[in-house]
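What follows is a set of notes on a single structure, which appears directly below.
The values are calculated or read from the model by the stated rules, or taken from the named source; none is laboratory data. This one's a predicted model, so the numbers in the text were calculated from it and none came from an experiment. Virtual Cβ from ideal backbone geometry, glycine too; neighbours counted across all protein chains shown.
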Amino acid sequence: MDWPGQDRWLRLWQLAGATSDPIRWYEDLARAYAEPQRHYHNQQHIAGCLAEFDSARHLAQQPTAVELALWFHDAVYDPKSSDNEERSAAMARSCLEPSGLSELGATVSELIMATKSHSTVAGPDAALMVDVDLSILGQEERRFAEYESQIREEYRSVPKLIFNFKRAAILKRFLARARIYATDFFAAKYEQKARRNLESSIRQLKRIWGLTIGARLHRIHAAQTHRVESDRDPARAVPDERRRQRSLLFSIKAADHSSATRSSATR
């Protein structure tokens, strides 16, 4: 899906009543979403969100604020950072406040922050914002698989074992909700497909995770057997293997504290 054209941004700028240079901000956003570390949180993602919003614009109480929030919500994106939403919200405010639109800037900021926790407590527009952002979960199988691959690319620096363990846990939390989508509109459109996609992804992550652990434990066992057969002190064999297994399990548990695989990465 192509990056939205400048004409759409100019129409939104006029609806907002902004008076500063719209072209500068359009170009800044285009550059931001084209940064090389982005594989999912990129121009394609924003274009997809805006297309989903177009189909549900009638649900918005403040459609201009919601659309602005969608343009800005991932404007700052560093996979290793935990404050991307805060910095994206600050960018939105710095765009709107010079035009005297501080109140609109605060609303847009609040909507952006809703995508961090996927919380809808801020009201109907926050619910709509979060549903649009999560619409990727209910896409057709091929697009969902592409999304999964794109997320993995953004976290390529995280070891596969840790990534799979954490990602499966995060996706389980979505499945545990009574409803993934807060609005009836998106629940009817995507709820069942999203649940099937998530269940399939979790099974795949667990399978790979299990195979990876099994392979590593097998290598530990093989190495230990080799040492015993090489006349090393057999008394050391059990403690050595236990230490290696404890080290492996510790590396998995340590993922719970890894900001690199924080929950907002699942979007």
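Scan region 10-55 residue by residue and report those that are hydrophobic (A, V, I, L, M, F, W, C), part of a helix (DSSP H, G or I) and either farther than 30 Å from residue 148 by Cβ or assigned by TED's automatic domain parsing to the domain that holds residue 185 (or both).
10, 12, 13, 15, 16, 23, 25
Is there a residue being closer than 23 Å to residue 61 by Cβ, assigned to a helix (DSSP H, G or I) and touching a Phe, Trp or Tyr at 6+ places or on another chain (Cβ under 8 Å) anywhere in region 90-97? Within region 90-97, one or more residues are closer than 23 Å to residue 61 by Cβ, assigned to a helix (DSSP H, G or I) and touching a Phe, Trp or Tyr at 6+ places or on another chain (Cβ under 8 Å).
Residue by residue, here is whether (1) in a helix (DSSP H, G or I); (2) of a type in the set (D, E, K, R); (3) without any contact (Cβ under 8 Å) to a residue 40 or more places away in the chain; (4) within 23 Å of residue 46 (Cα to Cα) holds:
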{"residue": "110", "(1), (2), (3), (4)": "yes, yes, yes, yes"}
{"residue": "119", "(1), (2), (3), (4)": "no, no, yes, yes"}
{"residue": "129", "(1), (2), (3), (4)": "yes, no, no, yes"}
{"residue": "150", "(1), (2), (3), (4)": "yes, no, no, yes"}
{"residue": "153", "(1), (2), (3), (4)": "yes, yes, no, yes"}
{"residue": "162", "(1), (2), (3), (4)": "yes, no, no, no"}
{"residue": "174", "(1), (2), (3), (4)": "yes, no, no, yes"}
{"residue": "182", "(1), (2), (3), (4)": "no, no, no, yes"}
{"residue": "186", "(1), (2), (3), (4)": "yes, no, no, yes"}
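Could you list all residues from region 131-148 that are of a type in the set (Gly, Ala, Ser) and either farther than 20 Å from residue 115 by Cβ or not in a helix (DSSP H, G or I) (or both)? Answer for region 131-148, where residues must be of a type in the set (Gly, Ala, Ser) and either farther than 20 Å from residue 115 by Cβ or not in a helix (DSSP H, G or I) (or both): just 145. Residue 71 satisfies every condition listed in (1) touching a Cys at 6+ places or on another chain (Cβ under 8 Å); (2) over 24 Å from residue 170 (Cα atoms); (3) of a type in the set (A, V, I, L, M, F, W, C) except (1). Entry remark, region 1-48: residues being loosely packed, with under 12 Cβ neighbours inside 10 Å and of a type in the set (Ser, Thr, Tyr) number 1 in total.
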